[in-house]
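So the structure is just underneath, and the comments pick up after that.
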Amino acid sequence: MGERDGQLSDRAPVVLRSLLTLAIVVGLAGCSPATLPTRGAENPLLYDRREVAVASKIAMLVPGAFASADIFEPTEAWRDAGYAIVHYRFPGMDGLPLDHALTIDGAAETIVAFAKQHPDKKIRLLGYSTGGAVVIEAARRLEGRDLRAAAIAPAPEQAGGLPTLIRATVDIIGAAARAGSLDRDAVWEEYFRVLLFGRTGLSDPELARRSRQIVEALRDEIVVPDNVMSESHSRDLRRWRLTDVPPWLKTRTRFYVGREDPVFSLGQTLALARKAGNGKVYAYSQQGHLLFMTAPRIFDDVLQFFEGS
């Protein structure tokens, strides 16, 4: 690959670090430490300068709260289609210091500034969860570009607010009941099963078996973020409201969700799609919030959209 700006972490804690619970994302306001600055010392973008220089297309990938850029590993194959890959790193992830708090507008402006440095290239934006909000805000600032934006399990405005918090709380209580314990790790493992395939995944025998297998395989990778990281990644999302999206962008934006997503409801995503896109949502049956893990074909679908169909 050659020299890179930054360095990806090892894959060890990647998946279970990808989304802890929306009780953390939505509910920790007021119990976090002192507010971090909104700008860090290092560039959050990770890319190969030589790859970007020769490519005709750039895919800029933005993960969600507590997520490593490694969740986008399947997009490595996009290089065969002529893409340079640019990762946006969250504070404390993938070698980036935890010295600042993410802001949706700030992250969007970083992406826009990079895109403007390459005016002759096609820009494709892909965000997961919180990253969905970031790419929407970045896309609306890039009028006149050959641009498409996609969001997987995108966070709605204000992180879904009280309805999302209530759903997360109910699911966590249910996880504790199934675990028969209040031990943090035991409860989280049960809740993680809900994130994989939704609530129906607990009653479907095959999905229940698969969810238990996945949790067993990943048990040693569980990483629970502390309050500093929680504040850094989630504080601004709780306040984010989407302003008007220009008509030119709506046909260039697409949303992909699990039909059984327990975190953000299909109704919440449809509301976001009506405001930021053409009102359509591409929903995957028997899938929850962690589509990058349970439905990796989604990256083929996104690439097809990026290529113009």
Problem - Filter result for the condition that a residue is in contact with a helix residue (DSSP H, G or I) (Cβ under 8 Å, 6 or more places away or on another chain) and over 23 Å from Ala41 (Cβ atoms), over Ile172, Ile104, Ile111 - result: Ile172
Exercise for the section: Can you confirm whether segment 243-254 contains a residue that is aromatic (Phe, Trp, Tyr) and surrounded by 19 or more Cβ atoms within 10 Å (Cβ to Cβ)? Expected result: no
Fill in the blank from the handout: Condition set in a helix (DSSP H, G or I) and aliphatic (A, V, I, L, M), scope segment 214-242, selection surrounded by the fewest Cβ atoms within 10 Å (Cβ to Cβ): answer is Ala217
Exercise for the section: Could you check how many residues of segment 284-309 are under 16 Å from the mean Cα position of the chain (by Cα), more than 21 Å from Lys122 (Cα to Cα) and not β-branched (Val, Ile, Thr)? Expected result: 9
Exercise for the section: Report, by residue number, each residue of segment 185-242 that is modelled with pLDDT of 90 or more, within 22 Å of Ala107 (Cβ to Cβ) and of a type in the set (A, V, I, L, M). Expected result: Leu237, Leu242
Practice task
Identify all residues within segment 183-201 that are touching a helix residue (DSSP H, G or I) at 6+ places or on another chain (Cβ under 6 Å) and surrounded by fewer than 16 Cβ atoms within 10 Å (Cβ to Cβ); write none if there are none.
Solution key: Ala186
Exercise for the section: Within segment 145-181, track down each residue that is closer than 25 Å to Arg193 by Cβ, buried (at least 21 other Cβ atoms within 10 Å of the Cβ) and aliphatic (A, V, I, L, M). Expected result: Ala151, Ile152, Ala153, Ala155, Ala159, Ala168, Ala175
Exercise for the section: Report whether or not Ser211 is under 16 Å from the mean Cα position of the chain (by Cα) and surrounded by 15 or more Cβ atoms within 10 Å (Cβ to Cβ). Expected result: no
Exercise for the section: Please specify each residue of segment 272-302 satisfying the condition of being of a type in the set (A, V, I, L, M), out of contact with any Asp or Glu (no Cβ under 8 Å at 6 or more places or on another chain) and in a helix (DSSP H, G or I). Expected result: Ala273, Ala276, Leu291, Met293, Ile298, Val302
Practice task
Assess whether Leu96 counts as being among the hydrophobic types (A, V, I, L, M, F, W, C), at pLDDT below 95 and under 20 Å from the mean Cα position of the chain (by Cα).
Solution key: yes
Exercise for the section: Return only the number of the condition from (1) closer than 20 Å to Asp70 by Cα; (2) outside any loop (DSSP other than H, G, I, E, B); (3) open to solvent by less than 20 Å² (accessible area, probe 1.4 Å) that Phe305 does not satisfy. Expected result: (1)
Exercise for the section: Select from segment 59-107 the residues that are aromatic (Phe, Trp, Tyr) and over 26 Å from Asp120 (Cα atoms) and write down the one among them that is surrounded by the fewest Cβ atoms within 10 Å (Cβ to Cβ). Expected result: Phe90
Completion exercise
Apart from one, (1) over 12 Å from Met60 (Cα atoms); (2) in a strand (DSSP E or B) all hold for Phe90; the odd one out is (2)
Practice task
For Leu142, state whether it is in the same structural domain as Leu303 (by the TED database), hydrophobic (A, V, I, L, M, F, W, C) and crowded, with 24+ Cβ neighbours inside 10 Å.
Solution key: no
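The values are calculated or read from the model by the stated rules, or taken from the named source; none is laboratory data. Only a predicted model underlies this, so the values are computations on that prediction, with no experimental measurement involved. Here the Cβ is made from the backbone with ideal geometry for all residues, glycine too, and neighbour counts use every protein chain on show. Accessible surface areas use protein heavy atoms only, side chains included; no ligands, DNA or RNA. Shrake-Rupley method; radii C 1.70, N 1.55, O 1.52, S 1.80 Å.
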